[in-house]
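Everything on this sheet refers to the single structure shown next.
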Amino acid sequence: MELKDVVSVTGMPGLHKILGRNKSGLILESLVDQKKFSTNPRQRISILSDIAMFTDEGEVKLAQVLTNIKGLEDGGTAIPDAKSSNDEISAFMGKVLPTFDRERVYVSDMRKLFTWYGFLKNSDLDFANLLNESDDSDDANTDSDAPKAEAKTAKKATAAPKNTAPKKPATGAKTKTTTPRKMGS
């Protein structure tokens, strides 16, 4: 599993793996209890590979932050849980990412990050190739964006103008007019 296959859905706890797509949204499986469900167009979905954390110099991708947490955990440092104090959480985040922006990264964001790490650690996410996957996807996005943009521009230029005349309903029913009625005198 790659980081681009994992999403967070607002209003739903935990992380979810993308299984497929349907015409109205995504088909997801919870990493917590393996329940499958589909999303609707009104739900806000965040793909983890697109998330970044603010630093003093700019932004750092979530893949780098997760790799740093994994390195600290492998070194024997305990990861704070959701019940830890704000000072403990901020101190650990300072070890993970020393240059994180202390004004824009809130303690609630850090708690969520550490909870997500716990879910991802128990899943089949490959932490060894996490940074390589994010670099490959960045390169692929920059290389493939230019031809797509050129193709869209060429397609728009050659497209025939659309007919904007109103159409009759398929059932043959009369359409309601919106002109005002004549008032009697």
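Protection proxy ranking of 62-75, 96-109, by the mean of other Cβ atoms within 10 Å over each peptide's residues and highest first, is 62-75, 96-109. Using a probe radius of 1.4 angstrom, the carbon and sulfur fraction of the accessible surface of the range 24-132 is 48%. Take every pair of alpha-carbon atoms less than 8 Å apart whose residues are at least six positions apart; their mean separation over the length of the range 15-121 yields a relative contact order of 20 percent.
Over 32 Å apart at the Cα level, from the set LYS35/LYS112; LYS23/LYS95; LYS36/LYS121; LYS17/LYS83; LYS23/LYS83, are LYS23/LYS95; LYS23/LYS83.
The values are calculated or read from the model by the stated rules, or taken from the named source; none is laboratory data. Small disclaimer: the values here were computed from a predicted structure and weren't measured. Glycine also receives a Cβ, built like all others from the backbone with ideal geometry; neighbour counts cover every protein chain displayed. The area values use the complete protein model at the heavy-atom level, side chains included, leaving out ligands, DNA and RNA. Shrake-Rupley method; radii C 1.70, N 1.55, O 1.52, S 1.80 Å.
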